[in-house]
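The values are calculated or read from the model by the stated rules, or taken from the named source; none is laboratory data. Quick caveat, the model's predicted, so the values are computed rather than measured. Ideal geometry is used to build each Cβ from the backbone, glycine not excepted, and the neighbour counts take in all protein chains shown. To get the accessible areas, we keep the full protein, side chains included, count just its heavy atoms, and leave off ligands, DNA and RNA. Shrake-Rupley method; radii C 1.70, N 1.55, O 1.52, S 1.80 Å.
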Amino acid sequence: MQEEHGSQRRQSADPRLLVGEPLSLDLVNTRWVDDRAHRDLLDSTEGLAVWLRSAGLDDRAVADQATLDATLETREILRALLAQGPSPQTLDAFNRVLDHGALHYRLGPNGREEHSRTDDPAWFPSWLAAADYLRLMADAPARVKHCAHPDCVLHFFDATKSGTRRWCSMAICGNRAKAARHYERAKTGR
């Protein structure tokens, strides 16, 4: 039984190439390209469960069809905002996601406490991702970047001191770009 439980845990590990980005970008990055094949972690409620666990939301949200539908809708809105910028349609759609929740404040034993609430539990992860996107755009919009590799679809928050990070991962996309440049130089004899 112990071995079977460990096997299930390994099967549900997050398979994405880039994890740990701010929540809004982490949601966008649930679609990625791996060996030129398009992958989608949110192709099922099981994949949603993996993402919720990876994002630390598995104790606050249920991986059911309603949550999956809301999360997919929000991901596409965020992808559109990142790819094309704010259009009237994407702004309206984004604001409809925000309309599902609010941040409530309370005074607790250690001072101010913040509590996120939504009108429908299925929208909780989506609302948190939308609120996170607002925070990123208010604090450091120039540090939200698309990977410089032409085949990569991932986004990241550039936390480097200089703000010059180009790749989602130097080990993956950075090395691919270096290898491609080396191949071109070798091919042309330079």
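General observations
- Using C-alpha pairs below 8 Å separated by at least 6 residues, the relative contact order for the range 72-169 is 17 percent.
- Once backbone amide H atoms are built at 1.01 Å from N, Val144 has Asp158 as its partners under 5 Å, excluding neighbours fewer than 5 places away on the same chain.
- Against the chain, whose longest principal axis comes from its Cα atoms, helix 88-98 is set at around 50 degrees.
- Across the range 46-52, rounded Karplus estimates of 3J(HN,Hα) from the backbone phi angles (6.51 cos²θ - 1.76 cosθ + 1.60, θ = phi - 60°) give 5, x, 4, 4, 5, 5, 4 Hz, Gly and Pro being marked x.
- Taking the protein heavy atoms of the chain in the context of the full set of protein chains, the accessible area attributed to carbon and sulfur is 51 percent at 1.4 Å.
- For the range 94-165, trypsin sites (Lys or Arg not before Pro) meeting the loop criterion (DSSP other than H, G, I, E, B) and having at most 13 other Cβ atoms within 10 Å: Lys161.
- Remark on Trp167: its backbone amide H falls under 5 Å from those of Ala148, a criterion applied only to residues 5 or more positions apart or on other chains, H modelled at 1.01 Å from N.
- Computed helical MRE - 222 nm, the chain, DSSP H runs ≥ 4 contributing -39500 (n - 2.57), nearest 500: -14500 deg cm²/dmol
- You can think of it this way: the chain between Tyr105 and Gln84 has 4.2 nm of extra reach, that is 0.36 nm per residue less the Cα-Cα gap.
- Spin-label model distance (nm) - Asp34 vs Asp64, 7 Å beyond Cα toward Cβ: 2.9 nm
- The Cα atoms of the range 5-131 give a gyration tensor whose axes a ≥ b ≥ c have a/c of 1.5 or more with a/b no greater than b/c, which makes the shape oblate.
- Mean Cα-pair separation over length for the chain, i.e. relative contact order, pairs under 8 Å, 6 or more apart, %: 20 percent
- Against the main long axis of the alpha-carbon atoms of the chain, helix 175-188 sits at an angle near 20°.
- Helix 65-84 axis versus longest C-alpha principal axis of the chain: approximately 50°, rounded to the nearest ten.
- The listed residues Leu48, Leu107 rank as Leu107, Leu48 when sorted by accessible area, largest first, using a 1.4 Å probe.
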